[in-house]
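The block underneath contains the structure these notes are about, expressed in structure tokens.
Bear in mind that the values in this text are calculations on the coordinates, not laboratory data. Given the structure is predicted, the values throughout are model-derived calculations rather than measurements. Please note: Cβ atoms are built from the backbone with ideal geometry, for glycine as well, and neighbour counts cover all protein chains shown.
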Amino acid sequence: MKTAAEHDPAWVLREVLGPVVVLRLARPPVNALSPALAQALAQALRELADRQDCQAIVVAAQGRCFSAGADIHAFGHAAGDPHELPGQIETCPKPVVAALHGDTLGAGLELGLACRARVAREDTRLGLPEITLGLIPGAGGTQRLPRLIGADAARALMLSGQFLHAREALAVGLVDEVTPGDPVDVACALALRLAAGSWSRARPRGLPLGESLPVPKGRLPQPAAQVLEACLAAALERPLAEGLALEALGFAQCLHAPESRALRHAFAAERRSRQVPDLPAGLRPRTLERATVVGAGTMGHGIAICLAAAGIQVDLVDPDAAARGRALLAIENHHAQQLRRGRLQAQEASARTARVQAHAQLSCAADADLVVEAVYESMALKCALFEALDRVCRPGALLATNTSTLDVDRIAAATQRPEDVLGLHFFSPAPAMRLLEVVRGARTSPQALFDGLALARRLGKIPVVARVAPGFIGNRMVGPYGRQAERLLLEGATPQQVDRALVAFGFPMGPHSVGDLVGLDVGVRAAAEGGARGDPRDGAIARRLVALGRLGQKTGAGLYRYEAGSREPLADPQVEAIIREEARQLGVRRREIDEQEIVQRCLLALINEGAALLGEGVAARASDIDTVWIHGYGFPRWKGGPLHHADALGLTQVMEGLARCSRMSPHDAALWEPAPLLGELSRSGRSFADWDAQRA
Ligand code: COA
């Protein structure tokens, strides 16, 4: 019964299906509601309002989803307001019904909420995730959602930012019908019934959401969480117009708040990081269906889990039978746990477990499309292994090392095919950590880099490309940060003081608790492997503790002590005595140190090193560095990452801070020398964001 189709230049397609007109959003990739798209839809609605031959309107979308919400990239730039659209829909003289599919989020869902009814295809996910960006729903969501599904369910949905699947949405009354087929057909029929006055909502509204959406207990973005509560209260007590006015004010307040800026920066940064400007267009990913993972330790079996989850067949190689046995058990346990937590179906859990086979010999790598090496961090061992892989693997296999610090170019040079070698630095625990540093060697081919990035996406990871340099991006920055954390101990702070200050800043754990968790021996060994012979203060405390058998949590004692079976770090007077003794031997003068100094020194060291490696080209963008620190090292997302934080402080302030630190500890003046890029940006009044923008 299609009678006409015309293409609106501003991404709203119009189809006339008899007396119903379907307006279809068509703005790839996700129908983000930019002001221009909202205006185009508003214009189309205005035209239809007066047309005699149109009895009802269906708003639908083409492409992968209905809409991922307001255009995040347009916030703060655009004229026009997509938030007016819902009011227009609500007051439209013709009934408007939403036909939803795929992601229906934020302003996309709010558009749906203003419609008279909502029909969802079975794959629809509905949510108001604005809180995760430090915002509140700003297109009437805070007022219309509680009116539709009740205050408790609305509060849970908006404060958690989580999504509901179509059937869950049906159960709470958020949608009126769910269909496996085309939602437009069902929506058209419903719209005609509405036009004829023969449909009304039968089900009770406001069913409880139950346990499925607990309101998060952790820290909530501010002021968004507070503003949201005020809007919810208004929704219960005030007329709609008043509530909407309050929401509009609250939205503007959140939009300009530092936390929202930081969270939106983090969102954009983690999507930008997968784009590598100098990759030639038209590359196609090579087939990666069979992988060999070498080394069945914690990293090896964690990586095997990630690959198996993406449907890749994995051969896990380790000459040590006991290690193989432990790894297979750990993989099975991981999947069993996922099953218990309801994150996997039984069939999928056993399929994933079965996808991993263990072998003693490397010969199985002959069939591999991809090899990931995850052996002990030793250059000699890795070079020998890559030499062997070069002999065993077929041409065209992608060869990756999971080294966290070593020179990927030297490892690649052990083969006759350095163009196929790259670093894939997974973080521990590999299945849980989303960050993947993709290390681009001097001779890594664009195709190999492209394949590494494509693999990261397939594994659901966030890739960040790094050039070869000791420690790449993340671990290189740990150096100066950890050094300050350690100097502070020698100079008079306790481990708990340092940790407390950085936790108060927003890290989930302080550097000394992290040291104990990872194992103090790891850093000591890495320094020895790197042949570092620097300042005798560097690593002094850790070396002393390791010599005493205090390796951290795994030995029940490190910088802290631990009760049997407990991970709670407890202050240990013995450690304090050791630190005092080390300070005496090293000639370090001790004094009172306050929280502010701790945060300032650790952060300035981090920022300065970030600027240094950015200037050297180890990272391509400041935002990539932020992504690494947010996802790999627990930098608080609501502060946007170290370099966004530096921008927020102001680079002049950062420079002054470095100068102050240098004056306070003249012995360490070299450490506080500003990175050239930092000096340059500060002198020219630019920020790291400006630097990134000039390169975009
Ligand atoms: N505004 C503008 N662009 C958006 C967007 C939005 N609201 N949501 C997604 N995009 C863009 C992404 O930047 C990406 O662009 P790119 O391919 O140029 O990098 C593209 O759409 C695909 O998004 P991506 O996140 O890579 O896909 P995904 O399948 O992993 O996730 C979503 C899809 C919709 C779940 C996810 O993008 C998301 O959470 N978006 C934000 C939703 C939101 O918070 N809406 C409220 C806005 S106030």
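Worth pointing out:
- Under-5 Å amide H pairs with G558, H placed in peptide plane, nonlocal only: G552
- Theoretical gain in end-to-end length, R458 to E237 [0.36 nm per residue, Cα-Cα removed]: 74.8 nm
- For E437, the residues 5 or more places off, or on other chains, whose built amide H falls under 5 Å of its own are H425, V464.
- Computed magnitude of the charge dipole of the chain (debye, nearest 20; Cβ of K, R +1, Cβ of D, E -1): 520 debye
- Full-extension gain in nm, A49 to E387, via 0.36 nm per residue minus C-alpha separation: 114.4 nm
- Between D123 and R343, the simple spin-label model (points 7 angstrom out along Cα→Cβ) gives 2.4 nm.
- Evaluated at q = 0.08, 0.11, 0.12 Å⁻¹: base-10 log I(q)/I(0), Debye formula over Cα of the chain: -0.74, -1.24, -1.36
- Whole-number Å³ per residue for the convex hull built on Cα positions in segment 446-562: 139 Å³
- Once C-alpha pairs closer than 8 Å and six or more residues apart are averaged by separation and normalised to the residue number of the chain, the relative contact order reads 8 percent.
- Think of each Lys and Arg Cβ as +1 and each Asp and Glu Cβ as -1; about the Cα centre, that makes the dipole of segment 380-459 roughly 200 debye.
- Segment 553-696 - percent relative contact order, Cα under 8 Å, separation 6 or more: 19 percent
- With Cα atoms, 0 to 90° folded angle of helix 240-255 axis to the chain main axis: 30 degrees
- Value at 222 nm in deg cm²/dmol, rounded to 500, when DSSP H runs of n ≥ 4 in the chain each add -39,500 (n - 2.57): -14500 deg cm²/dmol
- Within-11-Å neighbourhood charge of G558 [Cβ basis; K, R +1; D, E -1]: 0
- Local electrostatic count at G657 - Lys and Arg +1, Asp and Glu -1, tallied over other residues with Cβ under 12 Å: +1
- Calculated FRET efficiency for the pair E576/R271, C-beta based, R₀ 56 Å, to 0.05: 0.75
- Distances between placed amide hydrogens fall under 5 Å for L135 paired with no residue 5 or more residues away or on another chain.
- 3J(HN,Hα) along segment 637-653, derived from phi through the Karplus expression 6.51 cos²θ - 1.76 cosθ + 1.60 where θ = phi - 60°, amounts to 4, 6, 10, x, x, x, 7, 5, 4, 4, 4, 5, 5, x, 5, 5, 5 Hz, with x in place of Gly and Pro.
- Range of Cα positions in segment 574-696 per principal axis (Å), largest first: 52, 30, 24
- For K94, the lysines whose Cα comes closer than 25 Å to its Cα, not counting residues fewer than 8 places off in the same chain, are K2.
- By the count of neighbouring beta-carbon atoms within 10 Å, fewest first, E110, E581 end up ordered E581, E110.
- Here segment 4-242 is treated with +1 on each Lys and Arg Cβ and -1 on each Asp and Glu Cβ, and its dipole about the Cα centre works out to around 380 debye.
- Cα long-axis angle, helix 224-237 against the chain (0 to 90 degrees, to the nearest 10): 30 degrees
- Taken along the Cα-to-beta-carbon direction at a fixed 7 Å, the label points for E332 and D320 span 2.0 nm.
- Label point at D152 placed 7 Å out along Cα→Cβ; residues across segment 225-248 whose backbone nitrogen lies under 12 Å: none
- Along the axis of the charge dipole computed for the chain (Cβ charges of +1 for Lys and Arg, -1 for Asp and Glu, origin at the Cα centre), the listed residues W638, L681, H256 are led at the positive end by W638.
- Residues listed by number, segment 607-633, amide nitrogen under 20 Å from S684 label point at 7 Å toward C-beta: 608-625
- Sequence-distant contacts, meaning Cα pairs under 8 Å at least 6 residues apart, place the relative contact order of segment 254-369 at 28 percent.
- For the pair E84 and V522, the difference between a 0.36 nm per residue extended length and the Cα-Cα distance amounts to 152.0 nm.
- Ratio Rg/Rh [Cα only; Rh per Kirkwood] for segment 4-242: 0.95
- Cα-based reach from K554 at 27 Å (exclusive), listing lysines while leaving out same-chain residues under 8 positions away: K382
- DSSP beta bridges in the chain [antiparallel fraction, %, rounded to 5]: 30 percent
- Its Cα gyration tensor gives segment 475-694 an equivalent ellipsoid. The semi-axes, each the square root of 5 times an eigenvalue, are 30, 19, 16 Å from largest down.
- Inter-centroid distance (Cα atoms) of segment 367-408 relative to segment 306-352, Å: 22 Å
- Residue-count net charge about E437 - beta-carbon cut-off 11 Å; Lys, Arg +1, Asp, Glu -1: +3
- Efficiency of FRET from Cβ geometry, R584 and A432, R₀ 56 Å, rounded to 0.05: 0.85
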